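Worksheet: one structure, shown below.
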Amino acid sequence: MSSVAIPNRSVFRAAEVSELAGVPSYVLRGWEAEFPDLGVAKTAGGPRVYRKVDVERVLRLKHLILVDGLTLA
């Protein structure tokens with residue numbers, strides 16, 4: 001499915017996830033709104049953060065939408 005190498009870390013900033021997945025940040029925010037359990041945790045006064053499993057889900061969503069042609073509906 002995806003040949004993206006995800007660094008072995010526990011948390012990622014939203015900008016890093018956007019870069020890893022190759023999607024603009026507004027697309028990532030849209031997916032966050034559509035899938036509330038995506039794992040976004042806003043730190044107090046800090047950036048949105050994701051777990052490694054969330055990065056994997058973002059990559060899967062991208063594949064399902066862009067490769068398989070599924071829609072969010």
- Selection over segment 35-52 where residues are at pLDDT 80 or above and either exposed (fewer than 12 other Cβ atoms within 10 Å of the Cβ) or aromatic (Phe, Trp, Tyr) (or both) yields a count of 4
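Being small (Gly, Ala, Ser), over 9 Å from the mean Cα position of the chain (by Cα) and outside any helix (DSSP H, G or I): is that true of Gly45 here? Break it down into steps so the answer makes sense when it comes.
Values: small (Gly, Ala, Ser): yes; over 9 Å from the mean Cα position of the chain (by Cα): yes; outside any helix (DSSP H, G or I): yes.
Yes: the conditions hold for Gly45.
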- Residue within segment 54-67 that is in a loop (DSSP other than H, G, I, E, B) and either open to solvent by less than 60 Å² (accessible area, probe 1.4 Å) or at pLDDT 85 or above (or both) present: no
- Of the residues in segment 10-28, those that are without any contact (Cβ under 8 Å) to a residue 24 or more places away in the chain and open to solvent by less than 40 Å² (accessible area, probe 1.4 Å) come to Ser18, Val27
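Find the residue count for segment 2-35, including only residues that are polar (S, T, N, Q), in contact with a Leu (Cβ under 8 Å, 6 or more places away or on another chain) and part of a helix (DSSP H, G or I).
If we filter segment 2-35 for residues that are polar (S, T, N, Q), which is where we start, we get 2-3, 8, 10, 18, 25.
Still in the running and in contact with a Leu (Cβ under 8 Å, 6 or more places away or on another chain): 2, 18.
Then drop every residue that is not part of a helix (DSSP H, G or I), which leaves 18.
So the count comes out to 1.
The values are calculated or read from the model by the stated rules, or taken from the named source; none is laboratory data. From a predicted model like this one, the values you see are computed outputs, not experimental measurements. Quick reminder, even Gly has a Cβ in these numbers, built from the backbone with ideal geometry, and neighbours come from all protein chains shown. For accessibility, only protein heavy atoms count, side chains too; no ligands or nucleic acids. Shrake-Rupley method; radii C 1.70, N 1.55, O 1.52, S 1.80 Å.
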